[in-house]
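Peer 1: The following block contains the structure, expressed as structure tokens.
The values are calculated or read from the model by the stated rules, or taken from the named source; none is laboratory data. If you're wondering where the values come from, they're calculated on a predicted model, not measured in any experiment. Just so you know, the surface numbers come from the protein's heavy atoms only, side chains and all, with ligands and any DNA or RNA stripped out. Shrake-Rupley method; radii C 1.70, N 1.55, O 1.52, S 1.80 Å.
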Amino acid sequence: MTDLERKHDRAPVPRDWTYAPAPESREIVRLDERYGHFVGGEWLEPAETYETISPASEETLATIGQATREEVDRAVGAARSAFADGWSSLPGSERAKYLFRIARILQERSRELAVLESLNGGKPIKESRDVDLPLAAAHFFYYAGWADKLEYAFPNRAPRPVGVAGQIIPWNFPLLMLAWKIAPALACGNTVVLKPAETTPLTALLFCDVLRQAELPAGVVNIVTGDGRTGAAIVDHADVDKIAFTGSTEVGKAIQRQLAGSGKKLTLELGGKAANIVFDDCALDQAVEGIVNGIYFNQGHVCCAGSRLLVQESIYEPLVEKLKRRLETLRVGDPLDKNTDVGAINSRMQLEKIQELVAAGEEEGAEIYQPPCRLPEKGYWFAPTVFTNVAQSYRIAQEEIFGPVLSVLTFRTPEEAVEKANNTPYGLSAGVWTEKGSRILWMAQRLRAGVVWANTFNRFDPSSPFGGYKESGFGREGGLHGLEPYLRFDE
Ligand code: NDP
């Protein structure tokens, strides 16, 4: 290189405005080669195993146990002993101390857990760092506060713990769903057997180390890993008193059938096909941000994702144009890069499901838009996608895609918006964008959805109950309501 060329190379103005890579270091996470099941405070060597991978690179991260019926039985036995041996009769203020400790340790180790969450699940580090981890800690803090106030939460109803809770969680928010399940269960004096999803077991396994640090008595929380067969063994176990399940509507229905007549308590948090409804008087740019957050957050792997955009006809064109322009700025790629907006699809199976539904959308006549973006060669990826020209009968408007795919429909009047929004077997969430407070209230009263967000989307708070209607399930998690499924009452 000549002197002159070197000078040019050091030009102060960058050639373009793309972001430089900003990868978060993996060094903070120390992975074992092999993990067992966490039963009775100890690691149980698994009889059967499988490998867990990083969906962004397809590299194997560790060997994981595939819990058999016998191993599930040991976990339930350990939970039962811990329940009888003192946990259920411990004063609430003592239980609270453990929950507070867990919350503090989650905060202290949040970077390590966030990196591991992104590595194993594919979600962008800025989401696991700024959303999953703070919310998981907040959940433990929140329920720690209730542990010694159950008599006040349910006056004159003599609340008592249920017993052993079997908890089965999905892969989209592995640690956060663990917190949603374990925190209220423990606050109410129950013990737990939890199964993380097959594809994302690692943060649940690292959480066992958090429990060790917090000196939680052995057997109060037991973690068994494996696929649906392990989940079915937990549901089936005669000594489990309550099942809490988050996952697909299909499996949820099967569990409900299986438990009918068993006397076990059950809560189901299932799928959704939320309408995000945009009126012509809204702040348009803000709404575009809300739409993007509603469907591309966590690659659209969100049960309450705003996957159906209902736009008032008069602003359809400017809104769709702004949305497409915004999509061009989304950065898809390495989940561990701090600039990444859309990470990897969680598994090959999920990618195939998204591809199948997107192909169905094109075949049925919807118009597809994907911004130009280069997807990495290895791993599972899907570009942010918008479908316009969508009819309500299309599969992409009816079925849960659980990917970064938005279907745009239009409406003219508020009545039509309500009609279309409720035209789904699901009922988990909805969004309303308008400057009129009265319209927000009018809509919220008519939308058949467990959560209605106004001029925002995908906001969560541990004090706010979350759950569905219709095929989105029943029971609430979060808030005072989230205690009830983990209690029995003398009535
Ligand atoms: P599943 O409902 O199969 O998985 C949820 C959890 O249940 C996982 O831990 C799973 O284990 C376990 N499980 C599977 N079968 C059984 C069974 N018979 N008895 C007890 N537990 C069982 O969801 P998928 O992961 O298969 O995803 C399929 C679709 O479900 C997605 O495309 C999406 O549409 C929807 N979904 C919705 C979620 C939500 O939050 N509402 C979350 C996840 C998925 P394993 O990991 O081995 O499958």
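Peer 1: When all protein chains stay in place, what accessible area (Å², nearest 10, 1.4 Å probe) is found for residue 453?
Peer 2: My reading of the accessible area for residue 453 is about 20 Å².
Peer 1: Turning to a different aspect of this structure: Specify, per residue and in Å³, the volume enclosed by the convex hull of the alpha carbon atoms belonging to the chain.
Peer 2: Details: hull volume 81.5 nm³, N = 491.
Hull volume over Cα atoms, normalised by residue count, gives 166 Å³.
Peer 1: Right, something else. Here are some pairs, 338/378; 195/338; 123/353; which of them have Cα atoms lying more than 23 Å apart in this structure?
Peer 2: Numbers: 338/378 19 Å; 195/338 30 Å; 123/353 18 Å.
Long pairs (Cα-Cα over 23 Å): 195/338.
Peer 1: Moving on. Compute the semi-axes of the equivalent ellipsoid of the stretch 255-316, taking the square root of 5 times each eigenvalue of the Cα gyration tensor, and list them largest first in whole Å.
Peer 2: Working: eigenvalues 258, 31, 13 Å².
One finds semi-axes of 36, 13, 8 Å for the stretch 255-316.
Peer 1: OK, next. Could you give the accessible area per residue of the stretch 281-380, probe 1.4 Å, as a whole number in Å²?
Peer 2: 44 Å²
Peer 1: A further question on this structure: Of all accessible surface on the chain at a 1.4 Å probe, what whole percent is carbon and sulfur?
Peer 2: With neighbouring chains kept in place, the figure for the chain is 49 percent.
Peer 1: Please list 3J(HN,Hα) in residue order for the stretch 339-353, calculated via the Karplus relation 6.51 cos²θ - 1.76 cosθ + 1.60 where θ = phi - 60°; whole Hz, with x for glycine and proline.
Peer 2: My calculation for the stretch 339-353 gives 8, 6, 9, 10, x, 8, 6, 4, 7, 4, 4, 5, 4, 5, 5 Hz in order.
Peer 1: For residue 126, go through the aspartates and glutamates and keep the ones whose alpha-carbon is under 12 Å away, minus same-chain ones fewer than eight residues off.
Peer 2: 24, 117, 334, 337, 341
Peer 1: How big is D, in µm² s⁻¹, for the stretch 200-319 by Stokes-Einstein at 37 °C and 0.692 mPa s if Rh is the Kirkwood radius over C-alpha pairs? Kindly include the intermediate steps, with their values, before the conclusion.
Peer 2: Details: Rh = 18.0 Å.
Stokes-Einstein gives a translational diffusion coefficient of 182 µm²/s.
Peer 1: Before I look further, what does the stretch 45-128 give for accessible area per residue, probe 1.4 Å, in whole square angstrom? Numbers along the way, then the final one.
Peer 2: Details: 3350 Å² over 84 residues.
Per residue, the stretch 45-128 has 40 Å² of solvent-accessible surface.
Peer 1: Hey, another quick one. For the stretch 39-44, just list the computed ³J(HN,Hα) in residue order, Karplus coefficients 6.51, -1.76 and 1.60, θ = phi - 60°, integers in Hz, with x standing in for Gly and Pro.
Peer 2: 10, x, x, 10, 8, 9
Peer 1: Can you tell me which lysines have their Cα less than 20 Å from the Cα of residue 470? Leave out same-chain residues fewer than eight positions away.
Peer 2: Within the straight-line limit of under 20 Å, residue 470 reaches these lysines: 253, 265, 273, 420.
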